[in-house]
């Protein structure tokens, strides 16, 4: 009997009746563990009585580390990006996955870290000019919208292009962008302190972080991640006499350990760890944190109706 794969650990599956059963089981494992695990990469053989024996699965865990095929949150993201609900598991809960391009093959190589991670579009884009502010703003806005049941966030690239059209390619204040964009989408935005940012990430919220370095600081920053793409930046050299001559950058915090931020950059997927990097929380002395979230009493009637439909 031939061994046949029904779904994979990168989200792909074949639309047969057997594959629907495999998809239902994978979805059920995520729901049953309350989002902590997802069993997929199901393959096996059909028995003489017509039943299927599935073997050799891959297990994605929220924190990663259960084996070389554990792709962590990225694996779960990929599964639900391609996933199509059918009658077998129509009533099961599912996460709000942003409508970004599929995260594979641009996947972080590291699969054994234990981070608190958040839902945010996975692909690291390549900014043009001074447009980091637009990419970071779009990421946190879309991440917040993805937590609202029934919302279909605007495509990342379209939102970035629209923001750049208004604020330009030579840098802009993310605070102004968020104060402009969030009310239109019934979202709220606050500048927060570090402890509030930590609490938000712990709840699964992406945080926009803006920081400033001197020319010496930026050179050290870039050189470090060129040589050590997966390591934690834990110090920067003295800023010297020209500490007032700085340039800023906006990124998105998508995970944390007690003393480390895990961040998404906009310098393309080839930079550092597939476009992501890690720094000690105290390495930059002046970081401004921006939290985008929604309040139930500000949601639209369509949002409320979508939620009620899911409850039923």
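Observations, loosely collected:
- Residue match in the stretch 160-168 (condition: in contact (Cβ under 8 Å) with a residue 12 or more places away in the chain and closer than 23 Å to residue 75 by Cα): no
- Test: residue in the stretch 294-304 that is within 15 Å of residue 251 (Cβ to Cβ), at pLDDT 85 or above and within 24 Å of the chain's Cα centre (by Cα): no
- Condition met for residue 222 (without any contact (Cβ under 8 Å) to a residue 12 or more places away in the chain, surrounded by fewer than 16 Cβ atoms within 10 Å (Cβ to Cβ) and closer than 28 Å to residue 143 by Cα): yes
- Of all residues in the stretch 149-180, those satisfying the criterion of being closer than 18 Å to residue 205 by Cα and buried (at least 20 other Cβ atoms within 10 Å of the Cβ) are 151, 153, 156, 174, 178.
- Within the stretch 234-264, the set of residues being modelled with pLDDT of 90 or more and in contact with a helix residue (DSSP H, G or I) (Cβ under 8 Å, 6 or more places away or on another chain) comprises 249, 250, 251, 252, 253, 264.
- Residue match in the stretch 255-263 (condition: without any contact (Cβ under 8 Å) to a residue 24 or more places away in the chain, assigned by TED's automatic domain parsing to the domain that holds residue 124 and more than 17 Å from the chain's Cα centre (by Cα)): yes
- Extreme residue, modelled with the lowest pLDDT, among residues of the stretch 265-293 that are under 18 Å from residue 225 (Cα atoms) and assigned to a strand (DSSP E or B): 273
- Consider the stretch 261-282 and keep the residues that are touching a strand residue (DSSP E or B) at 6+ places or on another chain (Cβ under 7 Å) and surrounded by fewer than 19 Cβ atoms within 10 Å (Cβ to Cβ). The one that is farthest from residue 220 (Cα to Cα) is 268.
The values are calculated or read from the model by the stated rules, or taken from the named source; none is laboratory data. Just so it is clear, the model here is predicted, and its values are computed rather than measured. No Cβ is skipped: glycine too gets one built from the backbone with ideal geometry, and neighbour counts run over all protein chains shown.
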